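Each remark here refers to the structure printed beneath this line.
The values are calculated or read from the model by the stated rules, or taken from the named source; none is laboratory data. No experiment lies behind these values; they were computed from the predicted model shown. Please note: Cβ atoms are built from the backbone with ideal geometry, for glycine as well, and neighbour counts cover all protein chains shown.
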Amino acid sequence: MKSMKYSVIKQLGMWLFALASVLPALATGVIVPGAEWLDNDGMFINAHGGGVLYHEGVYYWYGEAKGDYTYRSPGVGWDCYRTDAGGVACYSSRDLCNWKYEGIVLEPDTLHTFSDIHPTMVIERPKVIYNATTHQFVMWMHIDNHNYEKAVAGVAVCDTPNGKFRFIESGRPNGQMSRDMTLFKDDDQKAYLFYSSENNTTIHIAMLSDDYRHVTSNYTRQFIGESREAPAVFKRGGKYYIITSGCTGWDPNEAEWAVADNVMGPYTTMGNPCQGLHADKTFYSQSTFVIPIEGTDKYIMMFDRWNKKDLITSRYVWLPIHFDGDTMTIPWLDSWAL
């Protein structure tokens, strides 16, 4: 009898060990940069170029829902690999490790071929902020056509963070091109759109209207002629930080960080924040967003590791940002715990 009990316990232990080996390491609160990341249903998280909103105790991760077929746009000189636009996906979490799929919160418009969010268009880098006055969640995103010549910013709204967003309009902010972009909401509730403009040579920073649904004429030009894109912005200790990438299409390059005393600039360039193997290639990934961990002085850098020939399988590289005074570094870690 004792032998039989031992055998059962041993088999149970082996089964639990085997189960743990196939579950995401994230279930234990450990993040493995670049690993396959599954949601709570065991499905691959499909939220690329994303951003995270914290609201009432919950983190919401919004990102591009990539289609499962990648192709190269014909007649375009650069490596213009893309998928049909699948809209914007949303996932929710209370611990930043385990994510529940909330669905496609901005659905592509399959009925109207000339719609900005038709599957043949580009919907990239969605970011969402909450407006406490209008009680609306406002999403901004990069909208483009198959050859990336449209270069506009789009906006959508919803009354809940995980409901169906309604697309309102798109346009060029202050008449200027807009591609890679992000949103930033300051402590005074003023919000700003950061976007790569002037054919990706210069970053523009535009203040949004009080309802966050429009761009105002109050804007500045930063990193003039430096060809930076993929902006990720956050605030710490009264200073404003921005992390960007160079412009090399889907291929990785060296990241750069800059700091300012005013959200509109001027920004002082400080160099590459990445440290470790392949730091000169940003760990073979590209910046997309910085997550402030609520209630702490800690920040997570979100990168995308693009697989340009199979975009839906692109991975996520999340790493902690380290500070020594006001100096930022992002060292490579094979795994790390929140």
Can you give me the number of residues within the stretch 129-146 that are under 20 Å from residue 178 (Cβ atoms) and either at pLDDT 95 or above or outside any loop (DSSP other than H, G, I, E, B) (or both)?
-> 9
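Residues are listed down the side, and each one gets a yes or a no for (1) among the polar types (S, T, N, Q); (2) out of contact with any helix residue (DSSP H, G or I) (no Cβ under 6 Å at 6 or more places or on another chain); (3) under 17 Å from residue 223 (Cβ atoms):
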{"position": "237", "(1), (2), (3)": "no, yes, no"}
{"position": "243", "(1), (2), (3)": "no, yes, yes"}
{"position": "254", "(1), (2), (3)": "no, no, yes"}
{"position": "267", "(1), (2), (3)": "no, yes, yes"}
{"position": "313", "(1), (2), (3)": "yes, yes, no"}
Looking at the stretch 243-256, is at least one residue under 18 Å from residue 196 (Cβ atoms), surrounded by 22 or more Cβ atoms within 10 Å (Cβ to Cβ) and of a type in the set (S, T, N, Q)?
-> yes
Give me the pairs, please: first residue somewhere in the stretch 322-338 and in contact (Cβ under 8 Å) with a residue 24 or more places away in the chain, second residue anywhere and among the polar types (S, T, N, Q) and part of a strand (DSSP E or B), beta-carbon distance under 6 Å, and either six or more positions apart or on two chains.
-> 329/275; 331/275
Matching residues, the stretch 198-224, being touching a residue at least 12 places away in the same chain (Cβ under 8 Å), polar (S, T, N, Q) and either closer than 20 Å to residue 149 by Cβ or not in a strand (DSSP E or B) (or both) | 199, 200, 201, 202
When you look at residue 267, is it farther than 29 Å from residue 65 by Cβ, surrounded by 21 or more Cβ atoms within 10 Å (Cβ to Cβ), of a type outside the set (Val, Ile, Thr) and touching a strand residue (DSSP E or B) at 6+ places or on another chain (Cβ under 9 Å), yes or no?
-> yes
Quick one: in the stretch 321-335, which of the residues that are assigned to a strand (DSSP E or B) and of a type in the set (Ser, Thr, Tyr) is nearest to residue 283 (Cα to Cα)?
-> 329
Please specify each residue of the stretch 79-130 satisfying the condition of being basic (Lys, Arg) and out of contact with any Ser or Thr (no Cβ under 8 Å at 6 or more places or on another chain).
-> 94
Residue in the stretch 174-189 that is nearest to the chain's Cα centre (by Cα), counting only those that are surrounded by fewer than 22 Cβ atoms within 10 Å (Cβ to Cβ) and not in a loop (DSSP other than H, G, I, E, B) | 185
The residue that is farthest from residue 330 (Cα to Cα), considering only those in the stretch 256-291 that are among the charged types (D, E, K, R) and not in a strand (DSSP E or B), is 261
Only one of (1) over 17 Å from residue 323 (Cβ atoms); (2) within 22 Å of the chain's Cα centre (by Cα); (3) loosely packed, with under 14 Cβ neighbours inside 10 Å fails for residue 215. Which number is that?
-> (3)
Candidate set from the stretch 29-61 (those that are touching a Leu at 6+ places or on another chain (Cβ under 7 Å) and of a type in the set (Ser, Thr, Tyr)); member that is farthest from residue 96 (Cα to Cα) = 60
For the stretch 286-298, state whether one or more residues are among the aromatic types (Phe, Trp, Tyr) and surrounded by fewer than 22 Cβ atoms within 10 Å (Cβ to Cβ).
-> no
